[in-house]
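The values are calculated or read from the model by the stated rules, or taken from the named source; none is laboratory data. Because the structure is predicted, anything quoted here is derived from the model rather than measured. Don't worry about glycine lacking a Cβ; one is built from the backbone with ideal geometry, like all the others, and counts go over all protein chains shown.
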Amino acid sequence: MSCIDGIVIRKDYPPLMDLGCTLGYWVEATDPAHHRSFRAMPSDAPGAPPRAEIVARFSERTGLAVERFDFYFCFGMFRLAVIGQQIYYRYHQGLTRDARFASMINKVLSLHSMCEMVSARSDF
């Protein structure tokens, strides 16, 4: 292990889960409209790199082989769906009143749909 500015980094741990979680937020222009409608950043704008290019850059810069990335990508979207369900549950139970959370279940369903789509095309 090494430490950079107080962050512990395991050199024997390929951070593919972290990359998958990051790209769980990444929306592309070719993604279904229901998924693009929940984008948090303009990652589907013209000129933005697609997920495959980001994965390739990650592999090139880290020297790590990235195989079966769909598993990590689905994990990232599943993680976001769980967080969304927790937020929606709190809203539905009246534990929070932020009106933005009323439609959070739709984002959860969109993430679920994307996971199914990625799983159907993948060999993981």
For segment 25-49, how many residues meet the condition of being surrounded by 15 or more Cβ atoms within 10 Å (Cβ to Cβ), in contact (Cβ under 8 Å) with a residue 60 or more places away in the chain and in a helix (DSSP H, G or I)? 1
Specify the residue that is nearest to L111 (Cα to Cα); the eligible residues are those in segment 56-88 that are among the β-branched types (V, I, T) and modelled with pLDDT under 95. V66
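Yes/no matrix, rows are residues, columns are (1) at positive phi; (2) among the polar types (S, T, N, Q):
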residue	(1), (2)
T30	no, yes
R57	no, no
F73	no, no
F78	no, no
G94	yes, no
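Conditions (1) among the small types (G, A, S); (2) more than 17 Å from the chain's Cα centre (by Cα); (3) assigned to a loop (DSSP other than H, G, I, E, B), marked per residue:
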| site | (1), (2), (3) |
| --- | --- |
| F71 | no, no, no |
| F75 | no, no, no |
| G94 | yes, yes, yes |
| F101 | no, yes, no |
| C115 | no, no, no |
For residues that are more than 19 Å from the chain's Cα centre (by Cα) and of a type in the set (S, T, Y), scanning just segment 79-92, find the one that is surrounded by the most Cβ atoms within 10 Å (Cβ to Cβ). Y91
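Only one residue in A65, A56, A52 is hydrophobic (A, V, I, L, M, F, W, C), assigned to a loop (DSSP other than H, G, I, E, B) and surrounded by fewer than 16 Cβ atoms within 10 Å (Cβ to Cβ), so which one is that? Before the answer, list the steps.
Values: A56 fails: assigned to a loop (DSSP other than H, G, I, E, B); A52 fails: assigned to a loop (DSSP other than H, G, I, E, B).
Answer to the selection: A65.
Does G20 meet the test of being surrounded by 13 or more Cβ atoms within 10 Å (Cβ to Cβ) and either under 21 Å from D123 (Cβ atoms) or at pLDDT below 95 (or both)? Talk me through it step by step, then tell me what you get.
Working: surrounded by 13 or more Cβ atoms within 10 Å (Cβ to Cβ): yes; either under 21 Å from D123 (Cβ atoms) or at pLDDT below 95 (or both): yes.
So G20 fits the description; yes.
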